[in-house]
Structure formats: C-alpha cells, structure tokens
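To keep things clear, I will list the structure first and then write my remarks on it.
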C-alpha cells in the first residue's frame, strides 16, 4: 500500500529522534546530578530532599517497567497497546512515520499474543516509505514469527535468513542484544519444526526473561524443545502461569497441545 505524496520528512525514521532524545536525556541527567552535588555542598539543608526526589524518580521508573512487564506476561494486550500508544505520541516523528510505527508495533504486540490474523491486518495498514524501510530488521523478525505460527516453515526460514544476513550495528550492548534476539528467533523457528540444536532451549528461556514482549512466544518454543528432549517436567514448568488465551489466539491450541503431551493438569 502506498503512502501517497506525503512530505518525505514526515516519514523520517524515528530512530534518529530517539537517539537525539536519548542523548539529550543523558546530558540533562548528568547536568542535574552535577547541580544536585553542587547544591548539596553549598546548601547542605537541600541535599537530603534533592537526593530523596532523585531516589523517588528512580523508584517510579523501576515500578513503571515492572508494571509493564507484568501486563505483558499476563496477556493484557489492551493495556500494552494503550501504553505504547502514549509513548509513540511523545516521539517527534512526523504523522506518516508515527502511523507506520504504530501499525508495526500493533502487529508486533498482536503476534506476541498469537493474534495472527489481526497482526497481518495491522501490517497491511502500515504506510510504505522511509520509516517502513528503516524497520526492516524488526519486520523480518516479525515475519519469521508470523510465518512460524501460521505453519509456513519455508517462509519463516527465508525471513530468518534475510534477517541473519543484515549487518549488526550500534554500540556493544545493543549489538549483543540484537545478536541474542536473532539467536532466539532462529531457535524458535527450529523448535516449531522440531529441528532444535544444542543450546536452543537455553537461548529461548533467556530471551523469554530478557524481553517481556516475546515472553510467551519463547516459552512455548522452549516447551516444544523440552518435550522433544524428553523433559516433560520442564515443559510443564515453562507453560505454567500462562494467560487464558482467547479463541482467536494461536497460543490457545499451542498451549492445549503442549499441556496434553507434557501431562499438565490444566490449560488456560
């Protein structure tokens, strides 16, 4: 679908704005810290309240991240989408780019909860343009997951191969995270094809803990590997506590099948 004759500046990748915002926040936080220290030295009576305020902000940010993690793990897709919508509204991306990012993030969230048909619809609604092209890695990751859950292994492998061929950019921490996510995705694709390699289950479990958004996708893949390895107890543990998936979620039959084979007492 074409985005029409919109101003191309509206479709600039949001990554630039996020990088600038991140840099600005880093500089601002450093300046604020320096100001707190200076104020504390010059006026000791202010030091305790200032430190208390900074500590309170840190606690609030920790609680916010913890709350989002809990929402994602219990399958509250509505709350997650509302939260991401609020975050996207704060970005400086133009309206066309923001619409593209919103569609891609919605498709990602829907895929993460097994809502495959709705995820495809969301992707189709995304505008094609610079923001779409800039999200190539994310889209290939998403395509490999969607194709896997749709039972199209050849398409999943093709998307995975294209993803693995992309260069890994960013600082050391970001590169490490990208490589880890790619390895977990490869393990997920292999798991659903019952072609797992040694170390795949560990990679899947690690990814499920590090990225709440794909927590259940990775847990179900890890449970499949555990069953293939004959470890029924681990498979039961991996799917324990899953949300009660709706009928339209592909995770519902996944869970029921894994629970049946692993001998779980009940399924959500």
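Derivation of every value follows stated rules applied to the coordinates shown; laboratory data play no part. Quick caveat: nothing in here was measured; it's all calculated off a predicted structure.
Laid out as a table, the results:
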| read-out | value |
| --- | --- |
| Between the range 187-211 and the range 134-155, the Cα center-to-center distance that results, in Å | 16 |
| Contour excess over end-to-end distance, with Cα ends at residue 202 and residue 173 and 0.36 nm allotted per residue | 8.4 nm |
| Theoretical gain in end-to-end length, residue 120 to residue 166 [0.36 nm per residue, Cα-Cα removed] | 14.2 nm |
| Solution diffusion estimate, µm²/s, Stokes-Einstein, the range 132-207, Kirkwood Rh from C-alpha pairs, 4 °C, viscosity 1.567 mPa s | 102 |
| Length released on extending from residue 128 to residue 257, taking residue separation times 0.36 nm less the Cα-Cα span | 42.6 nm |
| The range 83-262: projected area of the alpha-carbon convex hull, averaged over directions, in nm² | 10.7 |
